[in-house]
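*Asks:* One structure, pasted below without further comment.
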Amino acid sequence: MPKRTDIAHVLVIGSGPIVIGQACEFDYSGTQACRVLREEGLRVSLVNSNPATIMTDPEFADATYIEPITPEFVEKVIAAERPDAILATLGGQTALNTAVALHERGVLDKYAVELIGADIDAIQRGEDRQLFKDIVRSIGAEVPRSSVCKSMEEVRATVAELGLPVVIRPSFTMGGLGSGMAHTPEELERLASVGLAESPVTEVLIEESVLGWKEYELELMRDRNDNVVVICSIENIDPMGVHTGDSVTVAPAMTLTDREFQHMRDVGIQVIRAVGVDTGGCNIQFAFHPQTGRMVVIEMNPRVSRSSALASKATGFPIAKIAAKLAIGYTLDEIRNDITGQTPASFEPTLDYVVVKVPRFAFEKFPGADPTLTTTMKSVGEAMSIGRNFSEALNKALRSMETKATGFWTRPDPDTTTLAGTLEALRTGHDGRLYTVERALRLGATVQQVHEACGIDPWFVDQIAALVELRAELVGAPVLDEALLRRAKRAGLSDPQIAALRPELAGEDGVRTLRHRLGVRPVFKTVDTCAAEFAAHTPYHYSAYESDPAAESEVSAQRERPKVLILGSGPNRIGQGIEFDYSCVHAAMELRRAGYETVMVNCNPETVSTDYDTSDRLYFEPLTFEDVLEVVHAERTSGTVAGVIVQLGGQTPLGLAQRLADAGVPVVGTSPEAIHLAEDRGAFGDLLTSAALPAPKYGTATSFAGAKRIADEIGYPVLVRPSYVLGGRGMEIVYDEASLAGYIARATEVSPEHPVLVDRFLDDAIEIDVDALCDGTEVFLGGVMEHIEEAGIHSGDSSCALPPITLGRTDLDAVRRSTEAIAHGIGVRGLLNVQYALKDDVLYVLEANPRASRTVPFVSKATAVPLAKAAARIALGASIAELRAEGLLPAGDGADLPADSPVAVKEAVLPFHRFRTPEGHGVDSLLGPEMKSTGEVMGIDFSFGQAFAKSQTASYGSLPTSGRVFVSVANRDKRAMVFPVKRLADLGFEVLATSGTAEVLRRNGIACTVVRKHFEGEGTIVDEILAGRVEMVINTPYGNHGPRVDGYEIRTAAVARDIPCITTVSGAAAAVHGIEALIRGDIGVRSLQSLQERLRDGRA
Amino acid sequence: MSVREQAALVLEDGRVFRGEAYGAVGATVGEAVFCTGMTGYQETLTDPSYHRQIVVATAPQIGNTGWNDEDDESARIWVSGYVVRDPARVPSNWRSRRSLDSELERQGVVGISGVDTRTLTRHLRERGAMRSGVFSGAELSDVDTMVGRVQASPQMAGADLAGDVTTPEPYVIPAVGERRLRVAALDLGIKANTPRLMAARGIEVHVLPLKSTVEDLLAVSPDGVFLSNGPGDPATMDHAVALTRQVLERRLPLFGICFGNQILGRALGRETYKMRYGHRGINIPVIDTATGKVAITAQNHGFALEGEPGEVFDTPYGSAVVSHYCPNDNTVEGLRCQDVPAFSVQYHPEAAAGPHDAAPLFDEFVTLMEQAR
């Protein structure tokens, strides 16, 4: 069946900001969809609020709306664009929920828009738990026994029947939000009430526990001719009870016979048909009882999911791309398999390798959060690896995590390790459970004991037991001969792991030297969807060690074009997310266009960079020195490597720069020496001094006495942080000596080896972020961003505006001069990010990073200048003048935008509502110098107020236009708060305040109602917020620790009710602008293409 | 980790792959073929169609679910050798009774592990399936000797093997529930799941030896005749072809699978040829030319029928059509006679191992027989 002729224009809905449970996999799927639809000659409109995505690049759609994904805004887009159809199955739960809301509001009917992929009925059948269960039963398959409850009374009645433990799953939430397992009546009360609150339809499912059962997933696709294929099976190593997003998973399924697998496949196919996903993909989860084999269906997603992205990367079968083609009418047999080039997509991929995915957590960022793994997803990212056996894939995945531990034995065991304690620890799901499995086995536990403790299938436990045995051999062998070394490498052990066991080899370098001398090197195999049955035309490679001397590498020679390797950014984590992938993808696109052969190295399955057609070649490999060096070797053997780009993938590749250069690898762009100069405080301080650029005073202390001396000298407040971490970890602002003492007491590792840095903190300063390009001669200011919060909030967590809204010409001139001095002083060849603080007309330099920053995609979209593309070209020798001549860069730069430029506001999205303390309380939502956000949105419009309002709507839901605002601010903020609160009162808001704040407000003529503080008994402000009687909270804290319990309770209550909670004075002022814009009611939608055209016209 | 005895897989073109002994230690020869299924090694190893073949598993982790008492497709392992990359140390499945390794050893099947099976598969893909041998323990010798032994072994082309695997005596699989129909199934290497699926549809299945005559077939008063899968070169199956013609002349409903498809094709006057490396896996798409629908099928064949997708051709029994084809390479996957009640497919509706998409073909056979009554 060929393409439908009745669809000419499709609106694609994206997934919005990166949040836990919904990450850049939907950029990957959405980008594929847009590309396919346009190739098919359709007009594509797109709505997505996330500027860091590739899909929102203007060239991927005909009309790109960086607007909030709410029914109101999407309706405006529909009204403006009048598409024939909406594709909502590639934008995660956000897009699906929006589609349902549009249907319910009658918008789809009003504009005669068809939902393609899955229609409303199919979405309802897949998402509504009771409907879904009925469907599964109707086809003769089993589900866990359960009941849907709409109140606590119903919950209690159900549990009386099923018995504890039970699982609680709220309806219509993503990533298992609000779900959990209740073992006791107390847990039941708590979890079920939270679940009812989290569910947009106040509905939870109470379900028989299948805790400890084997867990599987199938990825299926169906076309309109009713052909169904299974793309991939995934087995969760962590059994049922841990969310699949938080589980270590393996593909294909490892421990099912064909009989069981085919039963699962049969049921899966019946389910996709019965639910009625007409065209496209779906994901179905199953559980098997480990002793009886009883199989139950757990749930389905009638859309492309995180697992689909994983399955696509694991098999080479591009699910989203095919789903988009199926949605417009093609059938599977009409679509070609890109990889073989000759066979159709109507087949089931078969693997001759093993894929392992390991989740990446960030509990260290949320002190107090319960790190137990449950059915609520808590991980922030993941890495995938490919090996020729499970062991190799597992070890590669563990070293891809960008954590302190880079595989078994790379960190010392905890001091208190005992067998009994280790087995006990295995009983609960936790980050690094496989490390605990290894330790238990090493301490003498049997495979059976470990299996009983954690429920992990004995086959997997035995795989780790084999590693423990191999470890003993490696430790005990008199010499490390070729045979043993090859076995160790074949099992996936890294050079550093082997080095940890053989101290005489003098570390990783010694192991590598020995390994190369003995000729033990990996071969590179190809992901080809077909286990080598057909020749592959797509160079999608992974490394493997073979013991068979006949083993072949499959990297083909290419000597015509110089190669450029781009090192990606690894698993998403807080501080390093999709923004860096965006820059890497841009480099690949631009360098390919400029005639280079582009080679991507990365291990994150969610990304666009690891799509096999983003670069000319893809290596799905860990971003460790060893693995990258072997890729470089393979590529040098097959052609000429012109350079390796390390400055676009964030900290991960940057950290490899010096060692790669030392190993003779041509690192292009800013040199490793220059990178070091920027990171070394002393050297960078000298640079600033010689350029006469002021920086906050600072000192280094190894004790409280020392820290106190420095603080007394430079004056409070001071910013304190450990010297040995990056990304703002452990950073705090302290306002007095007592807080300083408290910090030093908590930072137990302070010692001469681990000093504490004490910087003067510039209170009430305006923070400015600059992204710039430098080619060695000229500096191009990409964008100057003014933070909305004062300095002190991590730049990744603060909102900012571009163009800067309050900076004058002299300020911008100072920024330009300083940035130029720093760029030249460091020796930047490519991108540079500088953070400044402006206080009392003095521009202080806070920090400079000679690499692509998190804000590059935001700036690129706000200014219509592709900074990452330009940086990649500069790294390979192009000058800014040449790039201007080519038209890649405009005349002038981002600091002299036309007067009528649109205003773009970036807002961070924070994951607080996903975390709970072990007691079940919320975690504090206070912002500080340590980054906590998972993603960001952009609001863009012609005025700051409109743009800010959009950014808030996109990240937190809309700002209120009426109702009650609660105000409680620290003494130092009271004066500054008067004006914005007055304005709110004038706009008709009722102002609530605690007695101290109320006094100040009343003296300034603002009527307000006094409410009780949290510790003042019944009817307090916290009760008011929780009862839904407050629309917005303005609460500024004093210091990061200390007597702030009240503020903490207020903020967590605001998070729980999902109402805006503003924690800075300037944030409050911005919110007032936004509220005014909303009340005026003139907020429309504008395509990025039209905004950028206006910018270009303004420049011309 | 115990170190096993050294072993070598030697191909007739002189290429040698090295690994460790797996299963029995010794020597074996056979045609090296690769199978791309990720599940179902127990069914594969006990499939009589793999007789005289050394099977290379492209899936790297083999033996994970051990060996159970339910999934054998015949009374023994038929492959002459097994080539894997990473065998399981311990099996894990609630139905497992023993390890694959020990079962191979018990049945004297010589295997090899640790081979770069992907390089081997690529080699076989490019050069074609070829004779090979696995040698381990005392049988492991210099390459020339081993290559000599391989080159001295018989070719698959021209091999008459169904006689080795067919049942010596007839036997009956009773219908499940009420008997609706009776089928005479010619055993050319039949798998256990085939009569099982027919029995589940109310068919009493009389499994008959290869050398049965048409009288033997008619003696069971069948409603239809079934031609099973089986090993070897279909060009040698003159007796079965002659028998099939006699069935067609009597307009008895006939259904053939795999080898049976080739035999029906020959009976209709078509030629067979040896494919370069065949179809062996459980992910192979087949398109029904009548509906355009795709089935994902289990396949295991190294020979195929001449013909083009959708081609209609004249036969001594009226017109016939190439009803199914594989979109990967356009090979013939099924025939349907338009004037006599006979059809066949090149793939395995009984699956085991593999997907069940083609199981409705047994229902079609039932319909055909009921209509012919």
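*Asks:* So is B:Thr44 modelled with pLDDT of 95 or more, in a loop (DSSP other than H, G, I, E, B), assigned by TED's automatic domain parsing to the domain that holds B:Met130 and not charged (D, E, K, R) or not? Show your work before the answer.
*Replies:* Working: modelled with pLDDT of 95 or more: yes; in a loop (DSSP other than H, G, I, E, B): no; assigned by TED's automatic domain parsing to the domain that holds B:Met130: yes; not charged (D, E, K, R): yes.
No.
*Asks:* Looking at region A:527-544 only, could you name the residues that are under 16 Å from B:Thr58 (Cα atoms) and part of a loop (DSSP other than H, G, I, E, B)? Before you say what the answer is, go through the steps one by one.
*Replies:* First, pick out the residues of region A:527-544 that are under 16 Å from B:Thr58 (Cα atoms): A:527-536, A:544.
Passing the criteria: A:Val527, A:Asp528, A:Thr529, A:Ala531, A:Ala532, A:Glu533, A:Phe534, A:Ala535, A:Ala536.
*Asks:* A further question on this structure: Does region A:1060-1100 hold any residues that are in contact (Cβ under 8 Å) with a residue 60 or more places away in the chain, over 17 Å from A:Ser49 (Cβ atoms), outside any helix (DSSP H, G or I) and out of contact with any Ser or Thr (no Cβ under 8 Å at 6 or more places or on another chain), and which are they?
*Replies:* Correct list: A:Asp1082 only.
*Asks:* Check B:Ala351, B:Ala298, B:Ala304, B:Ala290 and return the single one that is outside any strand (DSSP E or B), among the aliphatic types (A, V, I, L, M) and within 14 Å of the chain's Cα centre (by Cα).
*Replies:* On the way: B:Ala298 fails: outside any strand (DSSP E or B); B:Ala304 fails: outside any strand (DSSP E or B); B:Ala290 fails: within 14 Å of the chain's Cα centre (by Cα).
Just a single option satisfies the conditions, and that option is B:Ala351.
*Asks:* Here's a follow-up. Can you report the number of residues in region A:835-853 which are buried (at least 24 other Cβ atoms within 10 Å of the Cβ), of a type in the set (A, V, I, L, M) and under 15 Å from A:Glu679 (Cα atoms)?
*Replies:* Looking only at that region, the number is 2.
*Asks:* Turning to a different aspect of this structure: So is B:Asp69 more than 10 Å from every other protein chain (Cβ to nearest Cβ), among the charged types (D, E, K, R) and in contact with a Lys or Arg (Cβ under 6 Å, 6 or more places away or on another chain) or not?
*Replies:* Spelling it out, B:Asp69 is indeed more than 10 Å from every other protein chain (Cβ to nearest Cβ), among the charged types (D, E, K, R) and in contact with a Lys or Arg (Cβ under 6 Å, 6 or more places away or on another chain).
*Asks:* Kindly provide the set of residues from region A:58-71 that are in contact (Cβ under 8 Å) with a residue 12 or more places away in the chain and either surrounded by fewer than 22 Cβ atoms within 10 Å (Cβ to Cβ) or closer than 15 Å to A:Gln22 by Cα (or both), ordered by number.
*Replies:* So the first thing to find is which residues in region A:58-71 are in contact (Cβ under 8 Å) with a residue 12 or more places away in the chain, and the list is A:58, A:60-71.
Correct list: A:Pro58, A:Phe60, A:Asp62, A:Ile69, A:Thr70, A:Pro71.
*Asks:* Restricting to region A:235-258, give me the number of residues that are within 12 Å of chain B (Cβ to nearest Cβ) and either at positive phi or part of a helix (DSSP H, G or I) (or both).
*Replies:* Counting residues in region A:235-258 that are within 12 Å of chain B (Cβ to nearest Cβ) and either at positive phi or part of a helix (DSSP H, G or I) (or both) gives 1.
*Asks:* Within 13 Å of A:Leu846 (Cβ to Cβ), aliphatic (A, V, I, L, M), modelled with pLDDT under 90 and not assigned by TED's automatic domain parsing to the domain that holds A:Ala1069, is that true of A:Leu762?
*Replies:* Working: within 13 Å of A:Leu846 (Cβ to Cβ): yes; aliphatic (A, V, I, L, M): yes; modelled with pLDDT under 90: yes; not assigned by TED's automatic domain parsing to the domain that holds A:Ala1069: yes.
In short, yes.
*Asks:* Does A:Val450 qualify as being of a type in the set (A, V, I, L, M, F, W, C), surrounded by 23 or more Cβ atoms within 10 Å (Cβ to Cβ), within 14 Å of chain B (Cβ to nearest Cβ) and in contact (Cβ under 8 Å) with a residue 12 or more places away in the chain? Write out each step before concluding.
*Replies:* Values: of a type in the set (A, V, I, L, M, F, W, C): yes; surrounded by 23 or more Cβ atoms within 10 Å (Cβ to Cβ): yes; within 14 Å of chain B (Cβ to nearest Cβ): yes; in contact (Cβ under 8 Å) with a residue 12 or more places away in the chain: yes.
The answer is yes for A:Val450.
*Asks:* Starting from residues that are of a type in the set (Lys, Arg) and assigned to a strand (DSSP E or B), keep the ones in region A:168-216 and report whichever is modelled with the lowest pLDDT. Please lay out each step first, then the result.
*Replies:* The first filter runs over region A:168-216 and keeps only residues of a type in the set (Lys, Arg), leaving A:169, A:190, A:214.
Subset that is assigned to a strand (DSSP E or B): A:169, A:214.
Details: A:Arg169: 86, A:Lys214: 97.
Looking at the filtered set, the residue picked out is A:Arg169.
*Asks:* Within region A:485-526, count every residue that is away from chain B (no Cβ under 12 Å) and part of a helix (DSSP H, G or I).
*Replies:* Final tally of qualifying residues: 23.
*Asks:* Another question, if that's okay. Looking for something under 25 Å from the mean Cα position of the chain (by Cα) and either surrounded by 23 or more Cβ atoms within 10 Å (Cβ to Cβ) or in the same structural domain as A:Gly41 (by TED's automatic domain parsing) (or both) - is there at least one such residue anywhere in region A:331-348? Walk me through how you get there before you give the answer.
*Replies:* Taking region A:331-348 first, the residues under 25 Å from the mean Cα position of the chain (by Cα) are none.
For region A:331-348, residues under 25 Å from the mean Cα position of the chain (by Cα) and either surrounded by 23 or more Cβ atoms within 10 Å (Cβ to Cβ) or in the same structural domain as A:Gly41 (by TED's automatic domain parsing) (or both): absent.
*Asks:* What tally of residues in region A:214-234 results from selecting those that are within 14 Å of A:Leu256 (Cβ to Cβ) and within 9 Å of chain B (Cβ to nearest Cβ)?
*Replies:* Narrowing region A:214-234 to residues within 14 Å of A:Leu256 (Cβ to Cβ): A:214-218, A:230, A:232-234.
Filter once more, so that each one left must be within 9 Å of chain B (Cβ to nearest Cβ): A:230, A:233.
Residues meeting the conditions: 2.
*Asks:* I'm told B:Leu188 meets every condition in (1) in a loop (DSSP other than H, G, I, E, B); (2) assigned by TED's automatic domain parsing to the domain that holds B:Asp363; (3) surrounded by fewer than 16 Cβ atoms within 10 Å (Cβ to Cβ); (4) on the phi < 0 side of the Ramachandran plot except one. Can you identify the failing condition by its number?
*Replies:* (3)
*Asks:* Of the conditions (1) surrounded by fewer than 24 Cβ atoms within 10 Å (Cβ to Cβ); (2) touching a residue at least 24 places away in the same chain (Cβ under 8 Å), A:Val527 satisfies every one except a single condition; which number is it?
*Replies:* Failed condition: (1).
*Asks:* Given the criteria within 14 Å of chain A (Cβ to nearest Cβ) and touching a Gly at 6+ places or on another chain (Cβ under 7 Å), does B:Ser96 qualify? Outline the logic, then answer.
*Replies:* Details: within 14 Å of chain A (Cβ to nearest Cβ): yes; touching a Gly at 6+ places or on another chain (Cβ under 7 Å): yes.
For B:Ser96, the condition - within 14 Å of chain A (Cβ to nearest Cβ) and touching a Gly at 6+ places or on another chain (Cβ under 7 Å) - is met.
*Asks:* Within region A:554-594, can you find the residues that are within 14 Å of another protein chain (Cβ to nearest Cβ) and touching a helix residue (DSSP H, G or I) at 6+ places or on another chain (Cβ under 7 Å)?
*Replies:* Of region A:554-594, the ones within 14 Å of another protein chain (Cβ to nearest Cβ) are A:554-556.
Selection gives A:Val555, A:Ser556.
*Asks:* Next question, about the same structure. Any chance region B:126-145 includes a residue that's over 19 Å from the mean Cα position of the chain (by Cα), within 14 Å of chain A (Cβ to nearest Cβ) and closer than 17 Å to B:Arg4 by Cβ?
*Replies:* For region B:126-145, residues over 19 Å from the mean Cα position of the chain (by Cα), within 14 Å of chain A (Cβ to nearest Cβ) and closer than 17 Å to B:Arg4 by Cβ: present.
*Asks:* Another one. Output the number of the condition that B:Gln246 fails; it satisfies all remaining conditions of (1) away from chain A (no Cβ under 14 Å); (2) of a type outside the set (A, V, I, L, M, F, W, C); (3) assigned to a loop (DSSP other than H, G, I, E, B); (4) farther than 19 Å from B:Pro48 by Cβ.
*Replies:* B:Gln246 satisfies all of (1) away from chain A (no Cβ under 14 Å); (2) of a type outside the set (A, V, I, L, M, F, W, C); (3) assigned to a loop (DSSP other than H, G, I, E, B); (4) farther than 19 Å from B:Pro48 by Cβ except (3).
*Asks:* Take the conditions more than 9 Å from every other protein chain (Cβ to nearest Cβ), of a type outside the set (D, E, K, R) and either over 15 Å from B:Ile54 (Cβ atoms) or touching a residue at least 40 places away in the same chain (Cβ under 8 Å) (or both) and apply them to B:Ser80. Does it pass? Don't jump to the end; show me each part of the working.
*Replies:* Values: more than 9 Å from every other protein chain (Cβ to nearest Cβ): yes; of a type outside the set (D, E, K, R): yes; either over 15 Å from B:Ile54 (Cβ atoms) or touching a residue at least 40 places away in the same chain (Cβ under 8 Å) (or both): yes.
Yes: the conditions hold for B:Ser80.
*Asks:* Consider B:Gly278 carefully, then state whether it is assigned to a loop (DSSP other than H, G, I, E, B) and at positive phi.
*Replies:* Working: assigned to a loop (DSSP other than H, G, I, E, B): no; at positive phi: yes.
No: the conditions fail for B:Gly278.
*Asks:* If you go through region A:656-691 one residue at a time, how many are within 25 Å of A:His633 (Cβ to Cβ), among the polar types (S, T, N, Q) and surrounded by fewer than 20 Cβ atoms within 10 Å (Cβ to Cβ)?
*Replies:* 2
*Asks:* Name the residue that is surrounded by the fewest Cβ atoms within 10 Å (Cβ to Cβ), counting only residues in region A:862-892 that are touching a Gly at 6+ places or on another chain (Cβ under 7 Å), more than 19 Å from A:Val646 (Cβ to Cβ) and not polar (S, T, N, Q). Give the derivation first.
*Replies:* Taking region A:862-892 as the starting set, the residues that turn out to be touching a Gly at 6+ places or on another chain (Cβ under 7 Å) are A:862-863, A:865, A:867, A:871, A:874-876.
Filter once more, so that each one left must be more than 19 Å from A:Val646 (Cβ to Cβ): A:862-863, A:865.
Add one more test, that the residue is not polar (S, T, N, Q), and what stays is A:862, A:865.
On the way: A:Ala862: 32, A:Val865: 23.
Filtering region A:862-892 for residues that are touching a Gly at 6+ places or on another chain (Cβ under 7 Å), more than 19 Å from A:Val646 (Cβ to Cβ) and not polar (S, T, N, Q), the one surrounded by the fewest Cβ atoms within 10 Å (Cβ to Cβ) comes out as A:Val865.
*Asks:* Can you find, within region A:335-370, the residue that is farthest from A:Glu606 (Cα to Cα) among those that are more than 14 Å from chain B (Cβ to nearest Cβ), in a loop (DSSP other than H, G, I, E, B) and of a type in the set (A, V, I, L, M)?
*Replies:* Of the residues in region A:335-370, the ones more than 14 Å from chain B (Cβ to nearest Cβ) are A:338, A:357-370.
Then drop every residue that is not in a loop (DSSP other than H, G, I, E, B), which leaves A:338, A:361-362, A:366-370.
From the residues that got through so far, the ones that are of a type in the set (A, V, I, L, M) too are A:362, A:369.
Values: A:Ala362: 17, A:Ala369: 25 Å.
Per the criteria, the residue is A:Ala369.
*Asks:* Residues that are of a type in the set (S, T, N, Q): find the helices (runs of 4 or more DSSP H) completely inside region A:951-1032 holding 1 or more of those. Lay out the reasoning, then the answer.
*Replies:* Working: elements: A:971-986, A:995-1003, A:1021-1026.
Answer list for region A:951-1032: A:971-986, A:995-1003.
*Asks:* Next question. What number of residues within region B:99-117 are away from chain A (no Cβ under 14 Å) and touching a Gly at 6+ places or on another chain (Cβ under 7 Å)?
*Replies:* Looking only at that region, the number is 5.
*Asks:* Okay, moving on. Which of the helices (runs of 4 or more DSSP H) found entirely inside region A:591-678 contain at least 2 residues meeting this: of a type in the set (S, T, N, Q)?
*Replies:* Working: elements: A:625-638, A:651-654, A:657-662.
It comes to A:625-638, A:651-654.
The values are calculated or read from the model by the stated rules, or taken from the named source; none is laboratory data. Quick caveat: nothing in here was measured; it's all calculated off a predicted structure. Every residue, glycine among them, receives a Cβ derived from its backbone with ideal geometry; neighbour counts consider all protein chains shown.
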